[in-house]
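The values are calculated or read from the model by the stated rules, or taken from the named source; none is laboratory data. It should be emphasised that the depicted structure is a prediction, and the values quoted were computed from it without experimental measurement. Cβ coordinates were reconstructed from backbone atoms using ideal geometry, including for glycine residues, and neighbour counts include every protein chain displayed.
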Amino acid sequence: MNEQIEDLLYEINERYSTFDPFVLAEEFDINIKYVDFLTDPLGQYRKILGSPYILLSQSIEDNNLKYFVAAHELHHALVHEDILSYYSFSSKTRAKVEMEANKFSAAMCFNLYIEEQAKLPETTVDLLNEYGVPLELSEILL
């Protein structure tokens with residue numbers, strides 16, 4: 001994991017004492033809304049009328065995947081706030097930005113697991129089941 005992500009997670013823990021992306025969004029005054037996306041995304045970060053929003057697909061509202069997706073979008077809100085549009089940067093830059101958000105989200109969910117369970121996850125499946133962390137991402141943490 002890169003140093004910038006580790007530093008951001010450390011700062012979040014020091015200041016807010018939680019890794020729950022829903023609690024953190026509230027702390028950062030970011031609205032979270034579940035919406036019926038007409039296309040594929042599970043989540044998006046947007047500013048609507050000047051207010052920050054994390055939009056999550058209604059399809060994950062009752063699924064633990066919402067934690068991973070919310071944390072991913074929270075990273076965009078905290079680090080990539082100036083990127084106004086999904087289409088405003090090259091595919092190479094977009095891939096890098098998305099991978100950073102995925103790594104941040106996986107690490108946040110890993111720490112949330114420790115926070116809530118008071119132990120390390122034993123397997124990658126634990127992170128998948130609890131917070132929807134894709135297996136290939138949780139493998140970099142364990």
Cβ-Cβ under 7 Å pairs, at least 6 apart or on other chains, the stretch 47-65 side of a type in the set (Val, Ile, Thr), far side assigned to a strand (DSSP E or B) and exposed (fewer than 11 other Cβ atoms within 10 Å of the Cβ): none
Residue count for the stretch 121-142, restricted to those that are part of a loop (DSSP other than H, G, I, E, B) and closer than 10 Å to Asn64 by Cβ: 2
One residue from Lys47, Lys92, Lys119 being at pLDDT below 95 and farther than 19 Å from Val35 by Cα: Lys92
Residue count, the stretch 4-22 (criterion: at pLDDT 95 or above and of a type in the set (D, E, K, R)): 4
Candidate set from the stretch 13-29 (those that are assigned to a helix (DSSP H, G or I) and in contact (Cβ under 8 Å) with a residue 40 or more places away in the chain); member that is farthest from the chain's Cα centre (by Cα): Asn13
Tally of residues being among the polar types (S, T, N, Q) and more than 17 Å from Phe22 (Cα to Cα) across the stretch 102-142: 5
Selection status of Val35, touching a residue at least 12 places away in the same chain (Cβ under 8 Å) and β-branched (Val, Ile, Thr): yes
